[in-house]
Amino acid sequence: MNRQSTPFTRFWNEFRENRIAVLALSIVVLLALLALFASFVSPQNPYDLANLSLMDSRRPPGFVGTGGYTHWLGTDPQGRDLLSAIFYGLRISIQIGLAAGFVSLSIGAALGILAAYIGGRVENLIMRLVDLQLSFPAILLALVIVALLGQGKVQLISALVAAQYAYFARTAYGAAKAERGKDYIEAAVATPLGSRLVILKHLLPNCTPPLIVVATVQIANSISLEATLSFLGLGLPVTEPSLGMLISNGFPYMMSGRYWISVYPGVALIILIVAINIVGDQVRDQFNPRLRR
Amino acid sequence: MLGFIIQRFLQAIGVMAVMSLIVFCGVYAIGNPIDIVIPPEATQDLRDEVIRRLGLDRPLYEQYFIFLVNLLKGDLGRSFVYNIPVLELIGGRLPATLELVLISVVSASVIGVSLGIYAGYRPESWTAKTIMAASVLGFSVPSFWVGLILILTFAVNLGWLPAGGRGATIDIWGVAWSFPTLDGLSHIILPAINLALFKLAMMIRLARAGTREIMLTDTIKFARAAGLSEITILRQHLLKLISIPIITVFGLELGSTLAFAVVTETIFSWPGVGKLIIDSIAVLDRPVMVAYLILVAFLFVTINFVIDLIFALIDPRVRRGAAS
């Protein structure tokens, strides 16, 4: 098979030229794997209360605990090994980010494309609503929704989706509106194909590149937003701490110099978010026709 | 011109009406504040009495109607928890937030635009690349985390600046302000930096993109051919041309910074509106939540309206396009 032939290999070859982006992608993959196999790589199961000992709480990095192994990043107030807690926290953060990202992508893309395809009143109604919401800061919206719905994974994801679907709707609408006016769509509409087929087979595939770009950025954003909400005490229940919750737990102890409880989960969070953003930047540049060589 | 203003004004009122309905339904549809306001050991008579006094026994549409009428009279209800008028409660906290937000946004804009113009003017220089790399960080790193690191570094480890609170204040026209006193100023520095970083990154990127684009246009070529000095070109021509997107973002950012202040105020225990809303959410103090959201919506709508007006004044194309 000719390696140059598929769009994917062409895309990958161009992506490979940016060393920083490749590094960022490998970090994202590594962190995702660590999160996926958290139960195998972490020295301790931080959710199993039988494993924890209060004797070990708030110990500095490098301390050898009652379990007989070294806590390389120290322990938190409950006596959890921080390294293990970070792996498990990564898992929750990534889970929430992906779930919120995909649901907002689906809802937003559907609304945006429908608005562009149908036009008229529907278009006006949907896009006015989206614009109204975009002028309102996402964090505030998520804050209020999560406050009203209460704590839990589903509630948190709904709040993130409600705060973020508008970005996808805007993007999908812009792309679909431009495609809608082109001859191939007019031609497809003129054939006896049903609207559903025209949208799914012709319109949607041509709107995907910008949506992919927004999706990468928004997944990073939902991870960050989730961490912020958890930090404010409006995120997940304490029994399954995400990275934001770990940081929040350590905050009161920071004043007395026990920095590691907050700092290391934060470092993990930032590495994850920055790496995703760098990958997203590169993907955006590759999809941007104005930067095409 | 007058037609344009009236059209935009009516639009703004329409948006406010929709927002008030959404906010009201959103806040009132879910959650039951009665359990929080009334102790569980209260008698049934007392319960009914309190529910009636708070107007919670009436149907939702009636509650909304009463709320709307009171809103027009400038009465946003009483806080369930503090039992004082909400407007008074929020008004008392507003100066602290405004002070913080204004200092952050103004300094972020001045510094950000200068750095951005430099980065766009000499894009290949080492300094410009450093500025841009830093701005990527400013975008990516969650602001609560930056706040923690600021506290850890400057308050805990170095001990230079206080970690929270407002410090000494001075009354000007009956309102307490922190910035005129040295102690207050030292309290405001860390939260202001925390709040400003995201805006700074955004202003840098905006100014840089505008500068790069405009430096390649004929306007600049002709200005150079006319023998104007580079400083004059930057000040007289470039700054004017990049100002339109920057004014828009400045206005919008003023509003969103107000929202982001929620996070910063929580970290630094800054006694502003953001801290108030977080505390109110925790105890489901509905009137405060509704009033806060309506206030933020009102600010956004007003800012958008003013931006539109400024646009119409600067750019005649906007005026004509909207009128037709």
Original post:
How do B:Lys73, B:Lys129 rank by accessible surface area computed with a 1.4 Å probe, from largest to smallest?
Top reply: B:Lys73, B:Lys129
**OP:** Return one quarter of the surface area of the convex hull spanned by the alpha-carbon atoms of region B:95-287, equal to its mean projected area, in nm².
**Re:** 13.8
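Percent relative contact order of region B:95-287, based on C-alpha pairs within less than 8 angstrom and at least six residues apart?
Details: 243 pairs, mean separation 63.9, N = 193.
Here the relative contact order equals 33 percent.
Can you tell me what the convex hull of the Cα atoms of the protein assembly as shown projects to on average, as an area in nm²?
For the protein assembly as shown, averaging the hull's shadow over all directions gives 36.6 nm².
Other chains near A:224-234: what is the mean number of their Cβ atoms within 10 Å of each residue's Cβ? Each step should come with its number before you reach the end.
Numbers: counts 6, 1, 1, 3, 8, 2, 1, 8, 8, 4, 3.
What the average comes to for A:224-234 is 4.
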**OP:** Please list B:Trp177, B:Trp160, B:Trp270 in order of solvent-accessible area, largest first, computed with a 1.4 Å probe with all protein chains present.
**Re:** B:Trp160, B:Trp177, B:Trp270
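Quick one: if you take sqrt(5λ) for each eigenvalue of the C-alpha gyration tensor of chain B, what semi-axes come out, biggest first, whole angstrom?
On the way: eigenvalues 372, 156, 48 Å².
Semi-axes (√(5λ), whole Å): 43, 28, 15.
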Subject >> Residue among A:Val28, A:Val144, A:Val103 with the largest mean-square fluctuation in a Gaussian network model of chain A, springs linking Cα atoms under 10 Å >> reply: A:Val144
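So if each residue of separation counts as 0.36 nm, and I subtract the Cα-Cα distance between B:Asn83 and B:Ile231, what length gain in nm does that give?
Values: separation 148, 0.36 × 148 = 53.28 nm, distance 5.85 nm.
Working it through step by step, the gained length comes to 47.4 nm.
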**OP:** Using a Gaussian network model of chain B whose springs link C-alpha atoms within less than 10 Å, name the residue from B:Val306, B:Val273, B:Val263 with the highest mean-square fluctuation.
**Re:** B:Val306
Original post:
Mind checking which helices in chain B clear 30 Å along their axis (Cα) and have mean Kyte-Doolittle hydropathy of -1.0 or more, DSSP H runs only?
Top reply: B:2-29, B:86-121, B:182-215, B:239-267, B:286-314
**OP:** Measure off 7 Å from each Cα along the Cα-to-Cβ vector at A:Phe15 and B:Leu161, then give the distance between these two points in nanometres to one decimal.
**Re:** 4.0
Original post:
Using the alpha-carbon atoms, what tilt in degrees (0 to 90, nearest 10) does helix A:138-149 show relative to the longest principal axis of chain A?
Top reply: 70
**OP:** Give the cross-link partners of A:Lys201 among the lysines, using a straight C-alpha distance below 29 Å as the criterion and excluding same-chain residues fewer than 8 apart.
**Re:** A:Lys177, A:Lys182
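Given the Cα atoms of region A:150-256, and with Rh set as the inverse mean 1/r over their pairs in the Kirkwood sense, what is Rg to Rh to two decimals? Could the numbers behind the result be given before it?
Values: Rg = 20.5 Å, Rh = 16.7 Å.
My calculation of the ratio gives 1.23.
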**OP:** Would you tally the net charge around B:Leu94, using a Cβ to Cβ cut-off of less than 14 Å, leaving B:Leu94 out, and scoring K and R as +1, D and E as -1?
**Re:** 0
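With n ≥ 4 as the cut-off for DSSP H runs, can you work out [θ] at 222 nm for chain B, using -39500 (n - 2.57) per run divided by the number of residues, rounded to the nearest 500?
Details: 13 runs with 232 residues, N = 324.
When only DSSP H runs of four or more count, the value is -24000 deg cm²/dmol.
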**OP:** Show which lysines lie in cross-link reach of B:Lys275 when reach means a straight Cα distance below 22 angstrom and same-chain residues fewer than eight apart are skipped.
**Re:** B:Lys199
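Can you give the average number of partner chain beta-carbon atoms within 10 Å of each beta-carbon in peptide B:295-308, as a whole number?
Values: counts 0, 3, 4, 0, 0, 4, 2, 0, 1, 1, 0, 0, 0, 0.
Across the residues of B:295-308, the mean count of other-chain Cβ atoms within 10 Å is 1.
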Original post:
What FRET efficiency would be calculated for the residue pair B:Leu102, A:Leu98, taking the C-beta separation as r and a Förster radius of 41 Å, to the nearest 0.05?
Top reply: 0.60
Subject >> region A:181-187 - phi-based ³J(HN,Hα) in whole Hz, Karplus 6.51/-1.76/1.60, Gly and Pro as x >> reply: x, 7, 5, 5, 6, 4, 5
Subject >> Approximate spin-label separation B:Leu216-A:Lys201, in nm, with each point projected 7 Å along Cα-to-Cβ >> reply: 4.0
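Sort A:Leu83, B:Leu72 from largest to smallest accessible area, using a 1.4 Å probe on the heavy atoms of the protein chains.
Working: A:Leu83 45, B:Leu72 150 Å².
If we order A:Leu83, B:Leu72 from most to least accessible, we get B:Leu72, A:Leu83.
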Subject >> Space enclosed by the convex hull of the alpha-carbon atoms of chain A, per residue, Å³ >> reply: 176
Original post:
Put a dot 7 Å past each Cα toward the Cβ at B:Asp75 and B:Thr130; how far apart are the dots in nm?
Top reply: 6.1
**OP:** Name the residue, out of A:Phe231, A:Phe37, A:Phe11, whose mean-square fluctuation peaks in a Gaussian network model built on chain A with Cα pairs under 10 Å.
**Re:** A:Phe11
Subject >> For peptides A:189-197, B:148-156, sequence by mean Cβ density within 10 Å, most packed first >> reply: B:148-156, A:189-197
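If the viscosity is 1.002 mPa s and the temperature 20 °C, what Stokes-Einstein diffusion coefficient in µm²/s follows for region B:241-289 when Rh is the Kirkwood radius over Cα pairs?
Working: Rh = 12.2 Å.
In µm²/s, the coefficient rounds to 176.
The values are calculated or read from the model by the stated rules, or taken from the named source; none is laboratory data. A quick note: this is a predicted structure, and the numbers were derived from the prediction, not measured. Reconstructed Cβ throughout: ideal geometry from the backbone, glycine too, with neighbour counts over all protein chains shown. Please note that ligands, DNA and RNA were not included when accessible areas were found on the heavy atoms of the full protein model with its side chains. Shrake-Rupley method; radii C 1.70, N 1.55, O 1.52, S 1.80 Å.
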